[in-house]
Structure formats: C-alpha cells, structure tokens
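Below is one structure, written out as structure tokens; the observations come after it.
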Amino acid sequence: MAVKVKELKDDAIVDIKVNKTYYFMMKTALFYLYTIKTDDKEKEASLKKIKEAKIEEMDGWEAAFHTIALFLAEVEKQGLANNLYEEREILEPGDEGYVAPTQG
C-alpha cells in the first residue's frame with residue numbers, strides 16, 4: 001500500500017530565522033565534517049569536487065559538507081545585506097590585557 005508523505009513544493013522558498021548560537025552550531029558541524037577526513041589528499045580532492053561537481057555526483061561527506069557550507073554562506077550573505085554584523089577587537093598574545101583562553 002502506498003504511503004502519503006508531505007514535502008516542499010519544487011518552487012518553495014522558506015524563510016528561516018537563524019540566531020548567532022545556531023549559526024555557530026552549524027559552523028561547528030561543518031568544522032567537524034572537515035576533521036573527519038584525515039587523508040589530506042583525499043580531503044583536497046573532495047573539496048575540489050565540491051566546487052565543480054553536481055550534488056548528485058558527490059559522496060555523502062561531500063554532499064553534507066556542500067549543503068552546510070551553502071547554508072552558512074546564505075546566512076552570512078543575509079547578515080551582510082541586513083547590516084547584522086558588528087566589529088569587535090580580539091586581543092592577541094602580547095597585547096596589553098590579553099588573557100589566555102582556558103577550558104571549562
């Protein structure tokens with residue numbers, strides 16, 4: 001027996017609100033994916049393929065990396081277009097007032 005499912009229409013555009021916390025969660029997820037591939041040559045080949053290939057030609061890692069990267073790029077594009085960025089200074093070692101980061 002056939003099962004009915006709901007899916008977005010082909011021409012659907014969904015506006016999604018993303019806060020800073022979620023944005024950083026997605027960046028962390030992308031970085032995690034980046035670290036999964038430990039072979040530098042394989043990673044480089046996959047990143048090149050992401051730039052040039054259609055998503056249907058990518059393996060699971062490449063498709064996931066590509067999808068999250070596109071999402072982050074759109075968030076950043078919208079953030080710039082809507083003036084949602086603020087500039088701040090980050091002290092570096094040797095700067096007056098610098099405090100080394102600690103865990104936990």
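The values are calculated or read from the model by the stated rules, or taken from the named source; none is laboratory data. All values derive from a computational prediction rather than experimental measurement. No Cβ is skipped: glycine too gets one built from the backbone with ideal geometry, and neighbour counts run over all protein chains shown.
Points to keep in mind about this one:
- Note on the range 20-40: among residues that are touching a helix residue (DSSP H, G or I) at 6+ places or on another chain (Cβ under 8 Å) and of a type in the set (Ser, Thr, Tyr), the one that is farthest from TYR85 (Cα to Cα) is TYR34.
- Qualifying residue in the range 67-78 (condition: surrounded by 10 or more Cβ atoms within 10 Å (Cβ to Cβ) and more than 25 Å from ASP15 (Cα to Cα)): no
- Residue within the range 41-57 that is modelled with pLDDT of 95 or more, touching a helix residue (DSSP H, G or I) at 6+ places or on another chain (Cβ under 9 Å) and of a type in the set (S, T, N, Q) present: yes
- Qualifying residue in the range 19-30 (condition: surrounded by fewer than 12 Cβ atoms within 10 Å (Cβ to Cβ), in a loop (DSSP other than H, G, I, E, B) and within 18 Å of the chain's Cα centre (by Cα)): yes
- Condition check for ASP15: assigned to a loop (DSSP other than H, G, I, E, B), at pLDDT below 95, charged (D, E, K, R) and exposed (fewer than 10 other Cβ atoms within 10 Å of the Cβ): yes
- Screening MET1 with (1) aliphatic (A, V, I, L, M); (2) farther than 23 Å from GLU76 by Cβ; (3) at pLDDT 95 or above gives one miss only, at (3).
- For the range 42-97, the set of residues classified as of a type in the set (Val, Ile, Thr), under 21 Å from TYR23 (Cα atoms) and assigned to a helix (DSSP H, G or I) consists of THR67, ILE68, VAL75, listed by residue number.
- Residue count for the range 31-63, restricted to those that are more than 14 Å from the chain's Cα centre (by Cα) and among the hydroxyl-bearing types (Ser, Thr, Tyr): 2
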